[in-house]
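Notes follow once the structure below has been shown.
The values are calculated or read from the model by the stated rules, or taken from the named source; none is laboratory data. Every value quoted in this text rests on a predicted model; they were computed, and no experiment measured them. Neighbour counts run over all protein chains shown; Cβ positions are idealised from the backbone, glycine included.
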Amino acid sequence: MPPSAPIGYYWGDDSYSVSHGPDALAARVAGDGPPLERMRLSGASTNADEIMERVATATLFGGGTLVVVAEPAPLVASKALVAKMARVLESVATGNALAFLDTVDGSNSSRRPVSLEHLRADVAAAGGEVREFKAPNRENMPRWIAERARERGINIALPAAALLAERVGANVREGDVDRRRQGELAVSELEKLAIYRLDAQITPDDVKALVADAVPGSTWAFLDAVGLRRAPEAAALAERLDDTPGPLLITHLHRRIKELIDIGDLLASGVPAGSLVRTLKLNPYRAERLAEQARMWALPELDAAMAGLLELDLTLKSHGGGDIRRRAAISLWIAEHVRRGGANRPFPTP
């Protein structure tokens, strides 16, 4: 059943599509009349009374108003505020519209406020439109870029769209990557390419010449590279984690090395890899991955890597966590402890 009320809730980890979610709502409410005037408010700096004041009065002349409320969580932080927002949903006058934008960090597994789920349900129950927009993945981003190009009358070759998708980081598979801005970045680069090529078709060579590699950092990928002793890959991935605080990065590394030591001890004592699931309470896939990584190390090497983390922690705390010294210190730890001179399989293969 199509939405009937002039309200909408648009959410997901694709901030570009979320921000454009109300476009169809605005067109539906405007009909054949003048387009709606848009007013953007922030949930952190507005309140139910202000929103109601904007949407409750019908416009006598010209088009109505679309009020767009970004990140509405503060507006439903208590039962009293939830009740106020319920009244706001009922107050939207004919010719006006109200939309909520809720951008989700897909890389964040922490629990989101239940109140947002209730607000979403209230919008749907009132006859409003509720849509989720997921960031395009590796397989879908080239087509997504091609669609945005068609909307703008831009001619881009499919191989160029695929390369552009790769350059903005869509090919990274790890689940801890923040993909919210990838769509916005892709569209920005697409428009820049269109100015460069004007009426000609955008080619892969154009993308190579104009679009910088903006592959996002992934803590999971970095830790796996360390565990597998792929030093050059680990060093490259570490440079993309500048936004990760130094102490947090050390904590992640400490946990991984500790896991490898525990698994290495068990493997060295003859415990089958299959029993790691039960012994360490791991899921089968993770147990297999960690066992594969543990076999790349000798136990003394893991002990040395752990001791090196203490020195790395002291260095980062002494010199700060976001400058050249941080990169140099992490690169040095990788060179001294992750890089290896030759193949080393100290633990038996089950």
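I'd like the full set of residues that are touching a Phe, Trp or Tyr at 6+ places or on another chain (Cβ under 7 Å) and within 12 Å of residue 262 (Cβ to Cβ), limited to the range 273-313.
Result: 294, single match.
Suppose we keep only residues that are hydrophobic (A, V, I, L, M, F, W, C) and surrounded by fewer than 20 Cβ atoms within 10 Å (Cβ to Cβ) within the range 222-234. Which one would you say is farthest from residue 316 (Cα to Cα)? If you could, list the steps in order and put the result at the bottom.
Our first condition is that a residue be hydrophobic (A, V, I, L, M, F, W, C); within the range 222-234, this holds for 222-223, 225-226, 228, 231, 234.
Narrowing further to those that are surrounded by fewer than 20 Cβ atoms within 10 Å (Cβ to Cβ): 228, 231.
Numbers: 228: 24, 231: 20 Å.
Checking each candidate, the answer is 228.
Among 298, 305, 238, which is the only one that is closer than 20 Å to residue 336 by Cα, of a type in the set (A, V, I, L, M, F, W, C), outside the structural domain of residue 160 (by TED's automatic domain parsing) and touching a residue at least 60 places away in the same chain (Cβ under 8 Å)?
Numbers: 298 fails: touching a residue at least 60 places away in the same chain (Cβ under 8 Å); 305 fails: touching a residue at least 60 places away in the same chain (Cβ under 8 Å).
Sole residue among the options that is closer than 20 Å to residue 336 by Cα, of a type in the set (A, V, I, L, M, F, W, C), outside the structural domain of residue 160 (by TED's automatic domain parsing) and touching a residue at least 60 places away in the same chain (Cβ under 8 Å): 238.
Given the residues 93, 99, 125, 121, which is the only one that is modelled with pLDDT of 90 or more and in contact with a helix residue (DSSP H, G or I) (Cβ under 6 Å, 6 or more places away or on another chain)?
99
Kindly evaluate residue 200 against the criterion of being among the hydrophobic types (A, V, I, L, M, F, W, C) and either modelled with pLDDT under 85 or assigned by TED's automatic domain parsing to the domain that holds residue 301 (or both).
Numbers: among the hydrophobic types (A, V, I, L, M, F, W, C): yes; either modelled with pLDDT under 85 or assigned by TED's automatic domain parsing to the domain that holds residue 301 (or both): no.
Answer is no for this residue.
Output the residue which, of all residues in the range 40-65 that are under 32 Å from the mean Cα position of the chain (by Cα) and β-branched (Val, Ile, Thr), is nearest to residue 87 (Cα to Cα).
Here is the first cut: in the range 40-65, the residues under 32 Å from the mean Cα position of the chain (by Cα) are 40-48, 50-51, 65.
Now drop any that are not β-branched (Val, Ile, Thr), which leaves 46, 51, 65.
Numbers: 46: 16, 51: 11, 65: 18 Å.
My answer is 51.
Go over the candidates 232, 216 one by one and state the one that is touching a Gly at 6+ places or on another chain (Cβ under 9 Å) and either part of a loop (DSSP other than H, G, I, E, B) or at pLDDT 80 or above (or both).
216
Pick from 124, 93: which is closer than 28 Å to residue 33 by Cβ, in a loop (DSSP other than H, G, I, E, B) and not hydroxyl-bearing (Ser, Thr, Tyr)?
Working: 124 fails: in a loop (DSSP other than H, G, I, E, B).
Going through 124, 93 in turn, just one is closer than 28 Å to residue 33 by Cβ, in a loop (DSSP other than H, G, I, E, B) and not hydroxyl-bearing (Ser, Thr, Tyr): 93.
Failed condition for residue 154, given (1) in contact (Cβ under 8 Å) with a residue 12 or more places away in the chain; (2) assigned to a loop (DSSP other than H, G, I, E, B); (3) surrounded by fewer than 15 Cβ atoms within 10 Å (Cβ to Cβ), with all others met?
(3)
Of the residues that sit in the range 330-350 and are at pLDDT 50 or above and of a type in the set (A, V, I, L, M), which one is surrounded by the fewest Cβ atoms within 10 Å (Cβ to Cβ)?
Taking the range 330-350 first, the residues at pLDDT 50 or above are 330-341.
Next cut, of a type in the set (A, V, I, L, M) only: 330, 332, 334-335, 338.
Working: 330: 24, 332: 14, 334: 25, 335: 12, 338: 23.
Checking each candidate, the answer is 335.
Are any of the residues in the range 105-112 surrounded by 14 or more Cβ atoms within 10 Å (Cβ to Cβ) and among the hydroxyl-bearing types (Ser, Thr, Tyr)?
yes
Could you tell me which residue of the range 1-39 is nearest to residue 132 (Cα to Cα), considering only residues that are free of Cβ contacts under 8 Å to residues at least 60 places away in the same chain and under 28 Å from the mean Cα position of the chain (by Cα)?
Looking at residues that are free of Cβ contacts under 8 Å to residues at least 60 places away in the same chain and under 28 Å from the mean Cα position of the chain (by Cα), I get 20.
Could you list, in sequence order, the residues of the range 245-265 that are farther than 16 Å from residue 302 by Cβ, of a type outside the set (A, V, I, L, M) and either at pLDDT 85 or above or surrounded by fewer than 17 Cβ atoms within 10 Å (Cβ to Cβ) (or both)?
Within the range 245-265, 245, 247, 251 qualify.
Within the range 266-309, restricting attention to residues that are aliphatic (A, V, I, L, M) and within 17 Å of residue 335 (Cβ to Cβ), which residue is surrounded by the fewest Cβ atoms within 10 Å (Cβ to Cβ)?
Initial filter on the range 266-309 (aliphatic (A, V, I, L, M)): 266-268, 271, 273, 276-277, 280, 282, 287, 290-291, 294, 296, 298-299, 302, 304-307, 309.
Subset that is within 17 Å of residue 335 (Cβ to Cβ): 296, 302, 304-307, 309.
Working: 296: 22, 302: 22, 304: 14, 305: 23, 306: 16, 307: 11, 309: 18.
Among residues in the range 266-309 that are aliphatic (A, V, I, L, M) and within 17 Å of residue 335 (Cβ to Cβ), the one surrounded by the fewest Cβ atoms within 10 Å (Cβ to Cβ) is 307.
Yes/no per residue for (1) surrounded by 19 or more Cβ atoms within 10 Å (Cβ to Cβ); (2) at pLDDT 90 or above:
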{"residue": "161", "(1), (2)": "yes, yes"}
{"residue": "164", "(1), (2)": "yes, yes"}
{"residue": "183", "(1), (2)": "yes, no"}
{"residue": "192", "(1), (2)": "no, yes"}
{"residue": "195", "(1), (2)": "no, yes"}
{"residue": "208", "(1), (2)": "no, no"}
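For the range 308-333, which residues satisfy the criterion of being in contact (Cβ under 8 Å) with a residue 24 or more places away in the chain and part of a helix (DSSP H, G or I)?
308, 309, 312, 313, 316, 317, 326, 327, 330, 331, 333
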